[in-house]
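Reading through the C-alpha cells given below for one structure.
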Amino acid sequence: MAGLTEDHLHHLLGTNDINDDASKNKVDHIVVIKDTVVEREAGGAGDKEMVPVAGSSIHRSTSRPQLDLSGAAIQGNFEERDPTILLPNQSDDISHLALDIGGSLIKLIYFSRHEDRFVNDGRKRSVKGRFGVSNGVDSSCWHAEVPKNENAVIKATGGGAHKFADLFKERLGISIDKEDEMDCLVAGANFLLKAIRHEAFTHMEGHKEFVQIDHNDLFPYLLVNIGSGVSMIKVTPLLFLTVDGDGKFQRVSGTNVGGGTYWGLGRLLTKCKSFDELLELSQRGDNRTIDMLVGDIYGGMDYSKIGLSASTIASSFGKAISENKDIEDYRPEDISLSLLRMISYNIGQIAYLNALRFGLKRIFFGGFFIRGHAYTMDTISFAVQFWSKGQAQAMFLRHEGFLGALGAFMSYEKHGLDDLMVHQLVERFPMGAPYTGGKIHGPPLGDLNEKISWMEKFVQKGTEITAPVPMAPPGTTGLGGFEVPSSRGNTLRSDASNLNVGVLHLVPTLEVFPLLADQKTYEPNTIDLSDPGELEYWFTVLSGHLPDLVDKAVASEGGTDDAKRRGDAFARAFSAHLARLMEEPAAYGKLGLANLLELREECLREFQFVDAYRSIKQRENEASLAVLPDLLLELDSVLAANIFDWGSRACVDLYHQGTIIEIYRMSRKKMQRPWRVDNFDAFKERMIGGSGKKPHKRALLFVDNSGADIVLGMLPLARELLRRGTEVVLVANSLPALNDVTAMELPEIVAEAAKHCDILRGAAEAGGLLVDAMINIQDGSKENSSAVPLMAVENGCGSPCIDLRQVSSELAAAAKDADLVILEGMGRSLHTNFNAQFKCDTLKLAMVKNQRLAEKLIIGNIYDCVCRYEPATR
Ligand SMILES: Nc1ncnc2c1ncn2[C@@H]1O[C@H](COP(=O)(O)OP(=O)(O)O)[C@@H](O)[C@H]1O
Ligand SMILES: CC(C)(COP(=O)(O)O)[C@@H](O)C(=O)NCCC(=O)O
Ligand SMILES: [Mn+2]
C-alpha cells in the first residue's frame, strides 16, 4: 500500500486530580514505563472503575497504536491511593515529551515517529527521480531516539515543574527543563492559531462558528487562560515586522476567581465528586432560586432606565441572604449554575475591561475551565458582547486546555515544529473509548481486539454509543445569556474525566497544490454541512450505505468470523460518529461532505479493512480491459468516464440489474450531447490547437474509479492527449477509498491497456510506468526518450474527495510543469473543487449520480453530465 511518511504529534490530557485530596498535590502515580511518562488517575476517590486500556491509534495510512496502553495494569492494590500503572506494550518511539503541571490538572504532549513502511515500487522510484522528490523519511527534524532514563530531560511548565522537579529526579531519574508558564501559554496559542485549521471559534447562544484567522493578522489579541486561576496576557506584534514573528507579550491582568474557584466552591457546596458532575448539574439548574435578580429588587419590573431587565442577575447568591435557608434547602443544580454564571460573567467582564484598556478587539479564551461547555462559553461571550456593546469578540479554542503544554513542547529545539505548516498537519478522530451510561471506562482504544470488544459490550447493554468527546447542546442560553440553560438532561459528555486524547499527524511530505489560483480563499467542500437540511440528507445517505459497505468490507477480508466481528464494530463505530456529528456538527471542526466521506474511510482503516472493494475493483478492471480494444476502435468521444461508482446508491441498485459493461454501453448511448454542463467544444478547440495555441505541455488527470472509469474513460482520454504531444500524469489515491483506483494499482492496469495500444505503451515506457521497461531503461539497453511520457503519481489521500491544500509532494512536484488539470468524478470535481479556481486550464468531468446534488449544483437531474472547462484565470 502506498504509505506516507508521517510523524505523529499526540497531545493528551492527563487526569484531573493531581489534587485528589484537594489540599495536597501528588505525583507519585506518574510512572515511567519504557521511557514513557503517563499520568492517570489512580482511582483515589474509589469511584472510578479501572479497566485495562489501550492506546489511541490513528494513522493516515493504517491504524497503528501510538501510545500503547494495551495490557495496562494497575500494580498493587486498587485501594491504594497512588498505585503505579504499567504499560507493558509501549514501544519506544516516543520522543519529545512535554508536561504542564497546573494547579488542578496535568497536561501531557508527546511526539512519536513512524517510519514510512512504503515499499518502494517501481512507479514511485521513477516518479521520485523524474520530479526530484526526496523521500520524506529523511526529514532531518525528527529524531526517534529515546532518551535513557538516567539522563532523560523533559520540558515542563506550570507550577508543578518547579514544585516537583526534585521528586522527578529522585524517583524517576528525569530532569525537568523548566519553561516559563506565560511564555508557554503564548507560544501554544500562537501555534494553534497559526497551524491548526478551524482552531478558533465564536460561541453565541448555542451557535458555534469557526473563525479563520489570517496568520499575518493575528496580533494584537488578549489571551485569557482560565485554569485554576486566570491570566490575561496582551499579545502584540513585534516592533520590527517579521513575517513569522510570534509577537511579544505582557501579562496585564488576572483574577483569582477562576476554574479552581468553581470546582473548589462547587465541590464544597454540592458534594460533587467530579468536575464534570458539577458541570452536568449546572445544566439542570435554575439560578433564579438563589441569585437575586433585578426583578426581585424592583418588584418584578425591569430597571429600564439603565438598561437592566428584570431577569438580569443583580447579585449572585444574593437571595440566600434574605431567606432563612440552609445549604441543604438549595438544589445542588441551582447552586452549580449560579456559581458557574457568577464566575464566567466575572471573567468575561474583566477580560473585556482589559481589552478596552489596551484597545484589543479579539479575546481568545483558553484553559480547562471552559471544557468545551456550551453554557460557559455562551456566558463568557455574552459578557464580552454586553459590556463592549458588540465591539469586542470572545473566541474559544478547540484545544483550549493544552496551551501551556503545547508551548513547553514547542520549546524543544530541533523538533522542527517552529516552521510547521498548516498543510502538514492532519487531524484524526478515531473512535475513542466508548462509554455506557455517561461513565467513561478508559481512554481511546488502540488495540483492535479491545476496540471491538468495547463495541460489542455496547450491543449487549443496548446502550447508545457515542464518541466520547465533550459536547455542547445548542441553544442553551436563551435570551441574551441571562436566562437559565434549557434543560437537556445528561447532555454533557464526559471527556473521560481521566484521559482525553487527541492526535495530530504530522506529514512532512504534504504540500499545498501549487496550481490553486488562491490558496487563501480555497475551500474544498462544495456542500456545507452547517446547513441542517444538507446535514440531515447526507447523514441519511451515508447511514443507508452502511449495511452494503459492511458486507463488502467483510467479504474483502474473506468473510471470516473475525472479519464479521470487525465489520460489526466498524458499523457501530461509524454510526456513533454520525450520531455524534448529527448532535453537534462542529464537534470535529468545520464539517463538510468531504470530511464525512473521509471519516468513513478512516473508520474502515481503523478496523483494519485495508481495501473493501479489492476484488470488485479487480473484476471490473478485467471486464473493462476485455472491451478496451473495441472501444479504442470506435472511440469518438472523450467523456466516457465516471459512469459507475460504488459510492452512489442509485448506481449500486443499477448494478444488481446487469453487468457493469452493459451499464456502461447503455450509459454511453444515453449520454447525448449537449450535456447539462457542456464546455466540450471549447476544450476540444484548445486541445486540437485552435487559435494557434500549442498543445498543453503537461496534463494532470485526477482519476477516480477502477474498471470502466479508468480503463475505458481516462486512459483513452490520456491517449488523446499523448497523441497530441501532451505529457500525462495520472493522479490517483495513495490509499484505497471505495472503488477508486490507487496509484499502486495503476502500473498494472496501464501495462494491460498498453498491450492493446502503441501510444499508451510508448508513453508508459517513456514515463517509467512499465516496470520492466523502466528496468531496461536503467540498464541502458532500451531508449525511448522520444515518446511523450505517461506517468502516475499518488495524490496523498485516501478519500473519494480531495482537499488540494494537502497533497503529496510528488503531486506538487509534477504540478510544476503542468498547464492542464483534469478532475474526474463526483468526489473530486463536484463534492470538492467544483468551485475551485486554478492557475491553469481546468476540466471538471463527472456524471451526477445523485438527484439532490444534480438539482442543487447544475439545476439538472440524476445522470446528467458535467463537462466544465475553465481556461486559466491567470
Ligand atoms: N476533569 C476535570 N477535573 C478537574 N477540573 C477540571 C476538569 N475538567 C475541567 N476542569 C476545570 O479546569 C480547571 C483547570 O484548568 P487548567 O487549564 O488545567 O489549569 P491548571 O493548569 O491550573 O491546572 C479546573 O480548576 C476546573 O475548573
Ligand atoms: C462517494 C462518491 C463521491 C463517489 O463518487 P465518485 O467520486 O466515484 O464519482 C459518490 O458516490 C457519492 O456522492 N455518493 C453518495 C450519494 C448517493 O448515494 O447518492
Ligand atoms: Mn470514486
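Read the figures in this text as sums done on the coordinates, not as results from a lab. Fair warning: this is a prediction, and the values are worked out from it, not measured in the lab. So basically every Cβ, Gly included, is an ideal-geometry build from the backbone, and we count neighbours across all protein chains shown.
Each Cα pair under 8 Å and six or more residues apart adds its sequence gap; the mean of these over the residue count of the range 329-420 is a relative contact order of 29 percent. The shape of the range 665-716 comes out oblate: with a ≥ b ≥ c from the C-alpha gyration tensor, a/c is at least 1.5 while a/b does not beat b/c. Here residue 236 and residue 286 are evaluated by their C-beta separation; at R0 = 30 Å the FRET efficiency comes out at 0.10. Does a label point 7 Å from the Cα of residue 817, set along Cα-to-beta-carbon, have any residues of the range 841-874 with amide nitrogen under 20 Å, and which are they? The answer is 841-842, whose backbone nitrogens lie closer than 20 Å to the label point.
FRET efficiency for the pair residue 859 and residue 720, taken as 1/(1 + (r/R0)^6) with r the Cβ-Cβ distance and R0 = 45 Å, rounds to 0.90. Computed from the Cβ-Cβ distance with R0 of 56 Å, the FRET efficiency linking residue 389 to residue 575 stands at 0.80.
Cross-link check: pairs 361/389; 697/844; 208/361; 564/590; 590/617 evaluated at a Cα-Cα cut-off of 21 Å; pairs beyond the cut-off: 564/590; 590/617. Here's the picture: a label point sits 7 Å out from the Cα of residue 413 along the beta-carbon direction, and within the range 165-183 the residues with their amide nitrogen under 16 Å of it are 177-179. Computed from label points 7 Å out along Cα-Cβ, the spacing between residue 169 and residue 250 is 3.6 nm. Put simply, when 590-602, 792-804, 684-696 are sorted by average Cβ atoms within 10 angstrom per residue, most first, you get 792-804, 590-602, 684-696. Applying 0.36 nm per residue to the separation of residue 357 and residue 755 and subtracting their alpha-carbon distance, the gain on full extension is 135.7 nm. Straightening the chain between residue 546 and residue 298 buys 83.4 nm, computed as 0.36 nm per residue apart minus the Cα-Cα spacing. Each residue, residue 562 and residue 673, gets one label point 7 Å from its Cα in the Cβ direction; the gap between the two is 5.3 nm. The label-point distance for residue 691 and residue 523, in a model that sets each label 7 Å from Cα toward Cβ, rounds to 3.1 nm. For the range 812-852, list residues with backbone N below 11 Å from a point placed 7 Å from the Cα of residue 421 toward its Cβ? Only 812-813 pass the distance filter. Protection proxy ranking for 382-394, 826-838, 314-326, 297-309, using the average of other Cβ atoms within 10 Å per residue and placing the highest first: 826-838, 382-394, 314-326, 297-309.
From the square roots a ≥ b ≥ c of the eigenvalues of the alpha-carbon gyration tensor of the range 354-408, which class results: rounded (a/c under 1.5), prolate (a/b over b/c), or oblate? Oblate shape, in that a/c is at least 1.5 and b/c is the bigger or equal ratio.
Take the alpha carbon gyration tensor of the range 821-874, find the square roots of its eigenvalues, order them as a ≥ b ≥ c, and report rounded if a/c is under 1.5; if not, report prolate when a/b exceeds b/c, else oblate. Verdict is prolate for the range 821-874.
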